[in-house]
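Just below is one structure, and these are the notes that go with it.
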Amino acid sequence: MSDEPAFNCRQITELVTEYLEGGPDPVQRLAFERHVAICPPCRGYLSQLRRIARAGEGLAEEQVPEPLRAGLVRAFRDWNRERGRS
């Protein structure tokens, strides 16, 4: 039996940002990559996030007008609050 963790799809979505930033540790990274290799939905999700990251590379925070930024933050907080109720 292997000591390598086995991730499910929900765990993959929780780790994807850390993975794209160079983590997690090598054992978890390998388990992540093995799951993504055999799971088309997770592979697609990872691919989408990579494209989003590449598209946003040249953006600076100052480029978002303050009223728009405040509205986005408010919308995210509302969405997050509603999500916590379900």
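Some notes on this structure:
- Every residue from the range 1-45 that is surrounded by 13 or more Cβ atoms within 10 Å (Cβ to Cβ) and in a loop (DSSP other than H, G, I, E, B): PRO5, PHE7, GLY23, PRO24, CYS39
- Residue count, the range 72-86 (criterion: in a helix (DSSP H, G or I) and either within 18 Å of ARG10 (Cβ to Cβ) or at pLDDT 95 or above (or both)): 3
- Residue that is in contact (Cβ under 8 Å) with a residue 24 or more places away in the chain and in contact with an Asp or Glu (Cβ under 7 Å, 6 or more places away or on another chain), where the choices are LEU46, LEU20, LEU30: LEU30
- Filter pass, ARG69 being of a type in the set (Lys, Arg), in a helix (DSSP H, G or I) and open to solvent by less than 100 Å² (accessible area, probe 1.4 Å): yes
- Complete set of residues in the range 9-30 that are acidic (Asp, Glu) and under 13 Å from the mean Cα position of the chain (by Cα): GLU14, GLU18, GLU21
- Within the range 46-63, considering residues that are open to solvent by less than 60 Å² (accessible area, probe 1.4 Å) and at pLDDT below 90, the one nearest to the chain's Cα centre (by Cα): ALA53
The values are calculated or read from the model by the stated rules, or taken from the named source; none is laboratory data. In this text, all values refer to a predicted model and were calculated from it rather than measured experimentally. Counting neighbours? That spans all protein chains shown, and the Cβs are built from the backbone with ideal geometry, glycine included. The protein model used for the area step is the full one, side chains on, heavy atoms only, and it has no ligands, DNA or RNA in it. Shrake-Rupley method; radii C 1.70, N 1.55, O 1.52, S 1.80 Å.
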